[in-house]
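Trainee: Got a structure here, written out as structure tokens. Questions coming.
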Amino acid sequence: MKAASSPPPPADAAARRRRRRTTLWTLLALAALSALIVWRSLAQVGWECEVWMEYRGQAEHRIAASGTREDALRGAVTSACATLASGMADSMACDRTEPKRSACREL
């Protein structure tokens, strides 16, 4: 038969409380940092563009957002061409193709 274990000495209890408090502060700091990163990332987005691309008989629709209209439009075209083209030369040719339709809006 096992003897009942005695409660931990007060020093161990204090160490556990400090560890819990440190863990809590660490988690709170990580949550605040994550929120700041997300907020800063979203604050830089000023334009959203939607493009409909056609290349070599295939069609693709994509949406992209960025700080400027030109960057958002270029991002949407590049994203659409990534699925429409194969190889570097094909990708470059697709990127130079005008979108069949595009629409941009300021956020």
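The values are calculated or read from the model by the stated rules, or taken from the named source; none is laboratory data. The structure displayed is predicted, hence computed values, not measured ones. So basically every Cβ, Gly included, is an ideal-geometry build from the backbone, and we count neighbours across all protein chains shown.
Trainee: Across the range 1-31, which residue is modelled with the lowest pLDDT among those that are part of a loop (DSSP other than H, G, I, E, B), surrounded by fewer than 10 Cβ atoms within 10 Å (Cβ to Cβ) and not small (Gly, Ala, Ser)?
Mentor: Filtering first and then ranking leaves Met1.
Trainee: OK, next. Among the residues of the range 92-107, which ones are surrounded by fewer than 16 Cβ atoms within 10 Å (Cβ to Cβ) and in a helix (DSSP H, G or I)?
Mentor: Residues satisfying the conditions are Met92, Ala93.
Trainee: Among the residues that make up the range 33-43, is at least one of them of a type in the set (Lys, Arg), at pLDDT 95 or above and closer than 24 Å to Cys104 by Cα?
Mentor: No, the range 33-43 contains no residue that is of a type in the set (Lys, Arg), at pLDDT 95 or above and closer than 24 Å to Cys104 by Cα.
Trainee: Okay, next question. Scan the range 66-79 residue by residue and report those that are buried (at least 18 other Cβ atoms within 10 Å of the Cβ) and more than 18 Å from the chain's Cα centre (by Cα).
Mentor: Correct list: Leu73, Val77.
Trainee: If you scan the range 74-107, which residues turn out to be closer than 14 Å to Glu54 by Cβ, of a type outside the set (Gly, Ala, Ser) and in contact (Cβ under 8 Å) with a residue 40 or more places away in the chain?
Mentor: Cys94, Thr97, Pro99, Lys100, Arg101 - these are the residues of the range 74-107 that are closer than 14 Å to Glu54 by Cβ, of a type outside the set (Gly, Ala, Ser) and in contact (Cβ under 8 Å) with a residue 40 or more places away in the chain.
Trainee: Tally time: how many residues in the range 78-96 are touching a strand residue (DSSP E or B) at 6+ places or on another chain (Cβ under 9 Å) and either of a type in the set (Gly, Ala, Ser) or over 20 Å from Ser66 (Cβ atoms) (or both)?
Mentor: Residues meeting the conditions: 7.
Trainee: Are any of the residues in the range 45-65 under 30 Å from Cys104 (Cα atoms), assigned to a helix (DSSP H, G or I) and under 27 Å from the mean Cα position of the chain (by Cα)?
Mentor: no
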